[in-house]
Structures are given as C-alpha cells and as structure tokens.
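To start, the structure under review is shown below, and the notes come after it.
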Amino acid sequence: MNHQLDSRICEYYPFLKRDELSITPFGEGLIHETLLVESPKGKWILQGFNEKVFNYPDRIDHNLGLLYQQAEKKKLPFTLPLPLLNRDRSGLSEINGLKYRLFEFVAGKTLQQIEQIEQAYIAALAYGEFASWAKDIPAQSMQETIPHFHRLDLRFEKLIEVSSSKGNLEKEEVEILDFYFSQKPLVDWYQKQLKLLPLRVVHNDTKINNVIFSEDLKRVSAVIDLDTLMGGYLLYDFGDLVRTVACSLTETSTQWDAIHLIPEIFSKLLQGYWEGIETFASKEEAESLILGGEVMTMIMGLRFFTDHLQGNIYYRVSYPEQNFHRAKNQMIFLKSQQSQREALREIWKEIVQKD
Ligand code: GN1
Ligand code: MG
C-alpha cells in the first residue's frame, strides 16, 4: 500500500499508528474505493470517497445528521455506521486531492448472494424495519445527494438522448436498446405512481451486500452505504431487494440462459419487508411493491447501458464490455419478472391481503 496514504491517514486520525497499519482492498462496491485498515489494536474501513458521483458531500452530512438525531430518539435493532470524525472534527479527510472517510469495522458476514432462503427474509425485514424507523424523519427535510437518482422516466429519456447521438451500434446493442425502449408502459405506470405515493426516507441501494449479517447469518448487524439515503418510495427499496436477491445469478453474470426470478425468494422478501412496513404503509404503497422489482431492474439496465455508450465513466468495470453485459443481464431478468407477473401477484395477495 501507498505509504503516503498511511502517514497522512494517521495524521488525520491520531489513534491510528503508522508503523502498525496494513491497508488492503476490500468489498465489492462499484462507486467508492473500499479499503480495510488493520492494526493489532483493531480494524477500520477506509473509504476513498467518489466525488465524481457524489457532488454534494455536505448534503450527505446533512442527511446523516438527521439520521443521527433520529437514532437518539428511537432505537434500531442494527447499527448504521457513520464516518468517524478526524482531528478537524470532519468526516472527510483530504489527501493528495482525494477525499477519504474512516468507519469502525463491523464484524460479521456480507453476501453477494444468499446461501439459504431464510436470509432473504432476514435482509428484507431489516430494510423494512429501517423504513419504519425512518418514517418520523420528514422526507422533505432530507436533501438529494444525487439529484433524480431513481427517476425512471428521466433515466429512460437519458438513454434515448445518449443513444440517438451515437451512430453505428452493433446488432446486439440495437436489440437490447429496442427492448428497453419497448418498456415505455412501465415508465408510464411509474409516473402514475409518483402522484399516488407518499415520499419516504428510504435507503435507495438495498443490495444484499449492503447489509452486514451476524457471523451465524441469523440477523442483520448493520445496514451500510448510507450515502443515497434520501427521499424516495418504498417500492425502490423493496424493488432493489428483488433485483439483487430474487435473481438466480448476480448482476455481473453472463450465463444468460440461467438468469431468472425465483418466486420462492420473492415471497420471502415480501414477507420480511411487509412485516417491517405493514403498520404504516398505505394501500397504494402496498400495491406498488408488486412492480418494484421491475422498476429497479429497468433503472439499472438503463443506467448500465447509458454508461456503456458513454464509455464506462460511472461504474467500475473489470473489462470494457462489462456495462453492456450488465445491461443485458438486467434485460433478461426483467423479462423473467414480467413472464411471472401473475404468479407474483398471487404471492402478494397471500402475504399482503391475508385478512
Ligand atoms: C452502485 O456503490 P454500490 O456498488 O453499492 C450504485 C447503485 C447500483 C449499484 C449496482 C451511488 O452501488 O445505485 O444499484 O451500484 N450506487 C450509486 O450494483 O450509483
Ligand atoms: Mg455497497
């Protein structure tokens, strides 16, 4: 590791001692750089903050402050790790023009995919409990850390704009673009929902690897990646769970024929999430969950495709075609969800309308 980073980090956080530290890459995030800091005295997570994606670090601070206040009023069954303050009492430390944050290390396990179906229930319950806990924070008081982050309609328009200025697309690129453009009815449905649903404080990035499970995988110890936490709709959080947990393979898979929705996992996710939100969710919100997975899968497909056409400027890639492959993966998964809409509605009726 870079020794200058070691010594500068120790200046910012005097409890770290340079001659004892090891700093190594950690985790699977696509936006920030995540490093594990180890010393005989403990472990921390050092995060290289991505300022190209998050242009408003002060808005993140504002939102985390509101979370912190809520945590003083009401307990949560898991932790929300916040950045540690440096010697200047700031959560951000600048080194060679880059910004870093330090977090306490939360012991436990992270998964890229569930190993047992019960883990779907446990993760979804945690995100549902989070929404319930956060409902007393007025959503309007949270600031947009990435403006229009999950606006499906705007992401759709962006892909139209970017693709129309590109000539000479490959045949397969055109096929996938056409598929996404054929999804206009989903965009129309989404726009109708915006008028029916209350704005809530939601997490907005409920991938399975954004929860830390206890070592025995029986409960959630922490919910992480809080930078996109802001106003949004419950369908976003439930939808991203469906996208990342109820799929047979991860979003990076290229085994096209094996990518599909697993209804039994959808059912467990809905049981868990619903248990967290049923005391306060409106009828319209409850209904909106059914298509949440489709909306979030479509958004990610549009975003991956747009990034592919723009030359991979946003998401970290391990090979040049990866964003194109991710967009194809999301297309296949979206088709699988749409072919099972009726079955999912039946599951929804059993869980949500049981009485
Ligand atoms: C990004 O940072 P990470 O990997 O947890 C992205 C999410 C996407 C996800 C896809 C700020 O999350 O919106 O769902 O990649 N975060 C941002 O894997 O764009
Ligand atoms: Mg993450």
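The values are calculated or read from the model by the stated rules, or taken from the named source; none is laboratory data. Note that the structure is a prediction, hence the values are computed from the model and not measured. When we count neighbours, we look across all protein chains shown, and the Cβ atoms used for this are built from the backbone with ideal geometry, even at glycine. The accessibility values were calculated without ligands, DNA or RNA, using every heavy atom of the protein model including side chains. Shrake-Rupley method; radii C 1.70, N 1.55, O 1.52, S 1.80 Å.
Residues are listed down the side, and each one gets a yes or a no for (1) in the same structural domain as ALA343 (by TED's automatic domain parsing); (2) within 16 Å of ligand 2 (Cβ to nearest atom); (3) in a helix (DSSP H, G or I); (4) surrounded by 17 or more Cβ atoms within 10 Å (Cβ to Cβ):
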site: LYS192; (1), (2), (3), (4): yes, no, yes, no
site: PRO198; (1), (2), (3), (4): yes, no, no, no
site: ASN204; (1), (2), (3), (4): yes, yes, no, yes
site: GLU215; (1), (2), (3), (4): yes, no, no, no
site: ALA222; (1), (2), (3), (4): yes, yes, no, yes
site: ASP240; (1), (2), (3), (4): yes, yes, yes, yes
site: THR250; (1), (2), (3), (4): yes, yes, no, no
site: LEU269; (1), (2), (3), (4): yes, no, yes, yes
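Of all the residues in segment 28-52, those that are within 12 Å of ligand 2 (Cβ to nearest atom), within 24 Å of ASP307 (Cβ to Cβ) and hydrophobic (A, V, I, L, M, F, W, C) number 2.
Where strands (runs of 3 or more DSSP E) sit wholly within segment 1-67, those with at least 2 residues that are in contact (Cβ under 8 Å) with a residue 24 or more places away in the chain and not assigned by TED's automatic domain parsing to the domain that holds VAL201 occupy 33-39, 42-49.
Put simply, of ALA286, ALA327 the only residue that is within 15 Å of ligand 1 (Cβ to nearest atom) and part of a helix (DSSP H, G or I) is ALA327. The set of residues in segment 119-132 being open to solvent by 10 Å² or more (accessible area, probe 1.4 Å) and either closer than 17 Å to ASN204 by Cβ or not hydroxyl-bearing (Ser, Thr, Tyr) (or both) consists of ILE122, LEU125, GLU129, SER132.
From the list LEU46, LEU5, the one residue that fits, being open to solvent by less than 30 Å² (accessible area, probe 1.4 Å), more than 16 Å from ligand 1 (Cβ to nearest atom) and of a type in the set (A, V, I, L, M), is LEU5. Cβ-Cβ distances below 8 Å connect the following pairs, each with a first residue in segment 278-295 that is within 23 Å of PHE333 (Cβ to Cβ), a second residue that is among the small types (Gly, Ala, Ser), and a separation of six or more residues or different chains: LEU289/GLY239; LEU291/GLY239; GLY292/GLY239; GLY293/GLY239; GLY293/ALA246; GLU294/GLY239; VAL295/GLY239. Within segment 190-212, residues that are farther than 18 Å from LEU152 by Cα reach partners that are within 13 Å of ligand 1 (Cβ to nearest atom) and in a loop (DSSP other than H, G, I, E, B) with beta carbons closer than 6 Å, at six or more positions or on different chains, in the pairs ASN209/GLU28; ASN209/THR110; ASN209/GLN112; ASN210/ILE224; ASN210/ASP225; ILE212/THR110.
Identify, please: which residue in segment 32-43 is surrounded by fewer than 18 Cβ atoms within 10 Å (Cβ to Cβ) and farther than 19 Å from LYS109 by Cβ and is, among those, nearest to ligand 1 (Cβ to nearest atom)?
Here is the first cut: in segment 32-43, the residues surrounded by fewer than 18 Cβ atoms within 10 Å (Cβ to Cβ) are 33-34, 36, 38-43.
Imposing the further condition that a residue be farther than 19 Å from LYS109 by Cβ reduces the set to 33, 39-41.
Values: GLU33: 10, SER39: 26, PRO40: 30, LYS41: 28 Å.
If we take residues in segment 32-43 being surrounded by fewer than 18 Cβ atoms within 10 Å (Cβ to Cβ) and farther than 19 Å from LYS109 by Cβ, then GLU33 is nearest to ligand 1 (Cβ to nearest atom).
The single condition among (1) among the aromatic types (Phe, Trp, Tyr); (2) more than 16 Å from ligand 2 (Cβ to nearest atom); (3) closer than 20 Å to GLU129 by Cα that PHE305 does not satisfy is (3). Annotation: ARG101 fulfils all but one of (1) touching a Gly at 6+ places or on another chain (Cβ under 9 Å); (2) in contact (Cβ under 8 Å) with a residue 60 or more places away in the chain; the unmet one is (2).
Residue check: GLY167 meets all listed conditions (1) farther than 19 Å from MET298 by Cβ; (2) open to solvent by 60 Å² or more (accessible area, probe 1.4 Å) but one, namely (2).
Conditions tested, residue by residue: (1) touching a strand residue (DSSP E or B) at 6+ places or on another chain (Cβ under 6 Å); (2) modelled with pLDDT of 95 or more.
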residue: GLY97; (1), (2): no, no
residue: LEU125; (1), (2): no, yes
residue: ALA134; (1), (2): yes, yes
residue: ALA139; (1), (2): yes, yes
